[in-house]
Amino acid sequence: MTRAHTRSGLQYLVLVWFALVVSGCANLGAIRDFASTSSDAAQYTQLVTIYVATPTRLMRYEPESQRPVLARQASERAAQQEPLLLRQRLIQAYMDGLGQLAADGLTTYDAQLDNLNHALQSAKFADQSEAAALAKVSKQLATAATERWRRDKLMTLIEQSDGPLQVVVGALVTIVQTGFVADLANEREALNKYYTELQLRSRDPAALAALGEWREMREGQIRDRESAIGNYVVVLKTIGSGHHKLYESRRELSHVDVQAQVHQYTIRLRDAVNAIRSFH
Amino acid sequence: MALSSADAFKISRSFHDLSVAIGQYRFGNWETLSEDDRRTLEDEEWSLLNASSDMLTKAVGLTLDDSDPTGQGVLAATAAAAKAVKTLKQVGKVVNVAAAAVGLAAAIVAKDPGAIAKNSKAVFDAATAPV
């Protein structure tokens, strides 16, 4: 009788423990999904590669006399590649850390963030407020890893990182939304000058038909890139607003309404990522 | 000239618009332009388009604030130039505006404040000269 009571009491404790574990995991499941999808989405580096390579691609369209200018621009853009990629890398590393804490795991420090610290020390980021924000997020991640933070520190991470993270994401949005879009507009105009002149000079119907097809194909590539840029802006803005939602709800992260709202950000992110991938 | 990122983006856009406007003039008057005029205009178009890319590259690496009033002068001059090219009929005038704008772009790339001010005025004068 006593043994039977002990056994059923143990079974009950195991059941309660299991239910707590399961409900605990489920309660922060939406945050883990959001973090994981954000990390996945932020690492889309192709737009940076395309921006850096624009002067080289334009050599195809521009006269030989412009070659030295384009070569200089190619070299200047190559120097911008690392700072651009490091911004994305930091967002990715942060989201990985957020997801690990939400899963009550230990965060792992991304060694590539050392490159970010070197770049900050070499003043590769001109804007002081952005450099300070990058340094602050990076430091938070280092602290989380060295102090072996777990789920109980999730609120602290969100609370201390939201401000600087918004600055980092906002700066990247400006670069992509304004810079990459304008870069694409220049490439579209280069293509227009090149093909319009060839078409005006040509008298051969077969050549004109071939030129028309090539032009259409190139214009299609530019439209695809334009769409990818638009969707990447959605990704970045959703990461920013989703994280700010976590910040606003940081004291009730496991609340079912908060989880449902965070899930909406994840859906938006997935849609944008799928749209980007459909072009490649 | 200490430009902000936002100013550099705007100047980039101005040079882009000017290059587009000159291109539209060249293609729109293709049959009546001499081969020399076509070539001259085309060279200026590419120079302006590349100046736009230069400003874009700068904008991506610049600070987000600290606007400089000189940037406003450049913007006003290039905006006047783009507007003028859309209405000018004589190729000589278009070439003058384009050449002045290319000079301005070179001064900006060289970061020469005196030359920027001088060339901004030259662009403005060329764009607003009586037809």
**Item:** Gain in span if fully extended, residue A:207 to residue A:264, counting 0.36 nm per residue against the direct Cα distance
**Value:** 15.4 nm
**Fill in**
CD proxy, 222 nm, chain A: helix-only mean residue ellipticity via -39,500 (n - 2.57) per DSSP H run with n ≥ 4, per residue, nearest 500, stands at -28000 deg cm²/dmol
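Give me the compactness ratio for chain B, meaning the Cα radius of gyration over 2.2 N^0.38 Å.
Numbers: Rg = 14.3 Å, N = 131, 2.2 N^0.38 = 14.0 Å.
Dividing the Cα radius of gyration by 2.2 N^0.38 Å gives 1.02.
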**Asked** Within 10 Å of each Cβ of A:180-191, how many other protein chain Cβ atoms are there on average?
**Response** 5
**Request:** Treat the stretch A:151-261 as a sphere of radius equal to its Kirkwood radius over Cα pairs and apply Stokes-Einstein at 20 °C in a medium of 1.002 mPa s; give the translational diffusion coefficient in µm²/s, rounded to a whole number.
**Result:** 122
**Request:** Take B:38, A:67 and order them by how many other Cβ atoms sit within 10 Å, fewest up front.
**Result:** A:67, B:38
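Structure shown: which of A:193/A:237; A:237/B:86; A:245/B:10; B:89/B:118 lie over 31 Å apart, alpha-carbon to alpha-carbon?
A:193/A:237; A:237/B:86; A:245/B:10
How shielded is A:128-140 by partner chains, expressed as the average number of their Cβ atoms within 10 Å of its Cβ atoms? Don't skip to the answer; put the middle values down first.
Working: counts 3, 3, 2, 1, 0, 0, 0, 0, 0, 0, 0, 0, 0.
Across the residues of A:128-140, the mean count of other-chain Cβ atoms within 10 Å is 1.
Give me the extension gain from residue B:121 to residue B:75: residue separation times 0.36 nm, minus the current Cα-Cα distance, reported in nm with one decimal.
Working: separation 46, 0.36 × 46 = 16.56 nm, distance 1.14 nm.
Difference between extended and current length: 15.4 nm.
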**Prompt:** Residue separation times 0.36 nm, minus the C-alpha to C-alpha distance between residue A:214 and residue A:257: what's the value?
**Reply:** 10.3 nm
**Item:** Label-point separation in nm, residue A:274 to residue A:112, each point 7 Å along Cα→Cβ
**Value:** 2.6
**Request:** Apply the Kirkwood formula to chain A: the hydrodynamic radius equals the inverse of the mean of 1/r over all pairs of different alpha-carbon atoms; give it in Å with one decimal.
**Result:** 21.6
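Treat the count of other C-beta atoms within 10 Å as a stand-in for reagent exposure and order A:168, B:109 from fewest to most.
Details: A:168 23, B:109 15.
The order, fewest Cβ neighbours first, is B:109, A:168.
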**Asked** For the residues B:12, A:36, what sequence is obtained by ranking on other C-beta atoms within 10 Å, fewest first?
**Response** A:36, B:12
**Item:** residue A:124 versus residue A:227: modelled label distance in nm, points set 7 Å from Cα along the beta carbon direction
**Value:** 3.3
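Where does chain B land at 222 nm, in deg cm²/dmol rounded to the nearest 500, when only DSSP H runs of n ≥ 4 count, each adding -39500 (n - 2.57), divided by all residues? Intermediate results must be reported in sequence, preceding the final value.
On the way: 5 runs with 105 residues, N = 131.
Result for chain B: -28000 deg cm²/dmol, rounded to the nearest 500.
Every number here is computed from the coordinates shown, using simple stated rules; none is lab data. Computed from a prediction, not measured in an experiment: that's the story for all the values here. Backbone-built Cβ (ideal geometry, glycine too); neighbour counts: all protein chains shown.
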